[in-house]
Every structure is written in structure tokens, then in C-alpha cells.
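> One structure, as C-alpha cells, below. Some questions next.
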Ligand SMILES: Cc1cc2nc3c(=O)[nH]c(=O)nc-3n(C[C@H](O)[C@H](O)[C@H](O)COP(=O)(O)OP(=O)(O)OC[C@H]3O[C@@H](n4cnc5c(N)ncnc54)[C@H](O)[C@@H]3O)c2cc1C
């Protein structure tokens, strides 16, 4: 392997679809002060050590494990972008990563609300379908309204991105709002399915588990709040 930036010894948690030979995208330190973004490829001679698969609350179809990079070196040819600008490049990439999560979650939440509405139509209790209970429909209506706001906020972000503008503010606000929306939608959908909603045979149980990561992955809600506070001079 050619001389190149050394990746610091350390451990990182990585989410991936199957832990086979693959490419890893990481921020590595070139020297004491410089950060370099680099991709390196797993091969038989140079690869990180995979830890045990993590036993996760949700998203269990996607493998997650700790990778140890002790002694791994990256060839110069695997550097992405500009050496020394790795931190800035990674920060910019985070905005897109957050928005990708936000785009998908809006559709997931809307589908979950539709399925719950349909369930309330066919489930009869206390002499009539549950959908006739105004409290339940108003709660769903409120969540539909929040989904709609998030969808159009996402559209505005996508348009700004296409104009080449900085979308950090959009991505931070969207990530915070949609993380909270996901939790409220998942909790409400399970609740309105009653006991059957608590069972693994019903989609609501998995949905609750899978949505929980939205408020943590890609930066926790509190980190989003910290960024927004800074943007507003606090
Ligand atoms: C399933 C899974 C897959 C992942 N995949 C990847 C991956 O592919 N690549 C990758 O790089 N990372 C990945 N991660 C890591 C993920 O990005 C971090 O877990 C996440 O950003 C939160 O960081 P942390 O776990 O270090 O929490 P910590 O920094 O330890 O924070 C713990 C809690 O403290 C609070 N907190 C933290 N900072 C602040 C603050 N400034 N102000 C107030 N409160 C605060 C929050 O409530 C936070 O949840 C993955 C994590 C999981 C669970």
C-alpha cells in the first residue's frame, strides 16, 4: 500500500446492509492538526476489524457493528475532495444525510397515519367504528397537518439545494421537527391499534422501534437545538 494519511486508531459504530467486503467512508487525521476525508476499501490484507453485530432496538434488518481502525493506513489515491478540508466536507455531507432521512420519514409517517385511519374505520368498539370518535380523528388530523408542514419544508430545502444554497438551517430544523413527528406518529398509531398494536404481528410495534433512531442518529435532537440556538445568536 502506498504511503498515505494514517487513520487514527479507534472505534466507530457503523450502520450497513450486511458486513461483507465493502467501502468505508470516514474522516481520518492526516497529521496532528489536519483532517482528511478518505475512502478505503476492505480487502483481504487491509481492513478494519469488525466487532460483534450490535443487538439494536429497531432497524434490525440493517446490520450495525463497531469497526476498529487500529493500524489501518489509507492510500493517498483514496482521498476524497481536498486534504485538510475533511472536517468542512463532512459537515456539509451531514446536511444531505439529515435531509435524506427527513424526505423518507415524511412518506413513512403519512403511510402510518393512513393505515391507522383505515384500521379505525373497520374496528368497532362501543357500538360503532372507532373512526366516529372525534378525539381520535382530531389527533390524526393534527399529525397529518404536521406531516404536510414537514413535506413542504422539505420541498423548500430541496429547491434551495438545487439553487446551490447552503441548506444547513433547513436540514437542522427539519431533522429536529421530523424526529419528534416520527415519535408522535409511531406512539399514536400503536395506541390507536390497542392491544393488537403492541403485538409483533402488527406493523405498529416495529414502526415504533424503527422510528426511534430518528431523534438520535445523524445528531441528536439536543445537538440540533444547540445549532439552531447558535444560528439565532444564543
Ligand atoms: C443504529 C446506529 C447506526 C449508526 N450508524 C452510524 C454510521 O453509519 N456512521 C456514523 O458516523 N455514526 C453512526 N451512528 C452514530 C450516531 O450518529 C450517534 O449515535 C449519534 O450522533 C449520537 O451520538 P452519541 O451516540 O455519541 O451520543 P452522545 O454524544 O453520547 O449523546 C448522548 C445524549 O446526550 C444528549 N446530548 C448530546 N450532546 C448534547 C448537547 N450538545 N447538548 C445537550 N444534550 C446533548 C443527547 O440526548 C444525546 O442523545 C450510528 C448510531 C446508531 C445507534
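> Please give the contour-minus-distance gain from residue 180 to residue 152: 0.36 nm per residue of separation, less the Cα-Cα distance, rounded to one decimal in nm. Numbers along the way, then the final one.
Numbers: separation 28, 0.36 × 28 = 10.08 nm, distance 1.67 nm.
Between residue 180 and residue 152, full extension yields an extra 8.4 nm.
> How would you rank 167-176, 209-218, highest first, on the average number of other Cβ atoms within 10 Å across their residues?
167-176, 209-218
> Set the Förster distance to 41 Å, then compute FRET efficiency between residue 88 and residue 114 from the Cβ-Cβ distance, nearest 0.05.
0.50
> Residue 162 versus residue 206, label points 7 Å from Cα toward the beta carbon: distance in nm?
Distance between label points: 3.4 nm.
> With the cut-off at 17 Å, report for the range 94-184 the share of all Cα pairs above it, as a whole percent.
52 percent
> Moving on to the next point. Counting just the Cα atoms, what span does the range 130-234 cover along each of its three principal axes? Round to the nearest Å and put the largest first.
Projected onto the principal axes, the Cα atoms of the range 130-234 cover 46, 27, 25 Å.
Bear in mind that the values in this text are calculations on the coordinates, not laboratory data. Only a predicted model underlies this, so the values are computations on that prediction, with no experimental measurement involved. For neighbour counting, all protein chains shown are included, and Cβ atoms are generated from backbone atoms with ideal geometry for every residue, glycine included.
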